[in-house]
Amino acid sequence: MDALTELNVIGLILSAVLLAMACVKADRVRAWRAGINPSAEELPDAAFVAARVVFVALAGVGIYLCVQGFQVSDDTTWDDAEFTTAVQGATDALDGSSGFGDIYAEDDDTRWIDEYATKIEQKVVQYGGGDAPQYGVTARPADSNTPSEARYTVTGGDSAFCMQVTRTRSKDGDYEPPGIGGGEGTVTVPAYDFAVTTREGGC
């Protein structure tokens, strides 16, 4: 439970206490006051009515603010169901996708791994839907990654998934930008295909 949710729960408890106070009978309050201070002036019925109105009004405001607070908390924290849906949507979107590499990088280059982590985070947020948080997703690469295969622990809220990404040279061939090169020494941009799978739990 995050701090905002805890604060909302406390607010609801205080609102319930105010409502309970509003329901206390006037005779009971008079008896309590008489036991503490027998010479105290007796409170008129109008004072009890006014106090009940104040208590109910304060409780109503407290409940309203807590409900709004729970909505804000829901918008800033991933729950298990929405994060699972978002990760699965991101996995389906990334699996079978293609992309270009650095024109000057060799196939054993691993710089793409960190760059792909950012892409994963963006995709998960994209597939979270309008009610899901727009941040709070982390894709952390594993230490044992290779130039052709990488694993990421994807976390959001209290949930974690292991996403495995396999990068292979595109079967459609590299990309040759128009108007560049020609003949021997033609400039080409390396193209890659990505296979993506996900399982529950960290890598």
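Within region 76-119, being of a type outside the set (Asp, Glu) and assigned to a loop (DSSP other than H, G, I, E, B) holds for Thr77, Trp78, Gly96, Ser97, Gly101, Ile103, Tyr104, Ala105, Thr110. Candidates Ala50, Ala16, Ala40: the one that is modelled with pLDDT of 75 or more, over 26 Å from Gly129 (Cα atoms) and over 32 Å from the mean Cα position of the chain (by Cα) is Ala50. Just one of (1) free of Cβ contacts under 8 Å to residues at least 12 places away in the same chain; (2) among the polar types (S, T, N, Q); (3) assigned to a loop (DSSP other than H, G, I, E, B) fails for Gln122. It is (3).
The set of residues from region 124-180 being touching a Gly at 6+ places or on another chain (Cβ under 6 Å) and over 15 Å from Cys203 (Cα atoms) comprises Tyr127, Gly136, Val137. When you look at Asp131, is it under 12 Å from the mean Cα position of the chain (by Cα) and modelled with pLDDT under 95, yes or no? In short, yes.
Could you go through region 72-89 and let me know if any residue there is assigned by TED's automatic domain parsing to the domain that holds Gln164, in contact with a Lys or Arg (Cβ under 9 Å, 6 or more places away or on another chain), surrounded by fewer than 16 Cβ atoms within 10 Å (Cβ to Cβ) and modelled with pLDDT of 85 or more. No; the residues of region 72-89 include none that is assigned by TED's automatic domain parsing to the domain that holds Gln164, in contact with a Lys or Arg (Cβ under 9 Å, 6 or more places away or on another chain), surrounded by fewer than 16 Cβ atoms within 10 Å (Cβ to Cβ) and modelled with pLDDT of 85 or more.
The values are calculated or read from the model by the stated rules, or taken from the named source; none is laboratory data. Everything numeric in this text was worked out from a predicted model, so none of it was measured. Note that each Cβ is placed from the backbone with ideal geometry, even for glycine, and that neighbours are counted across all protein chains shown.
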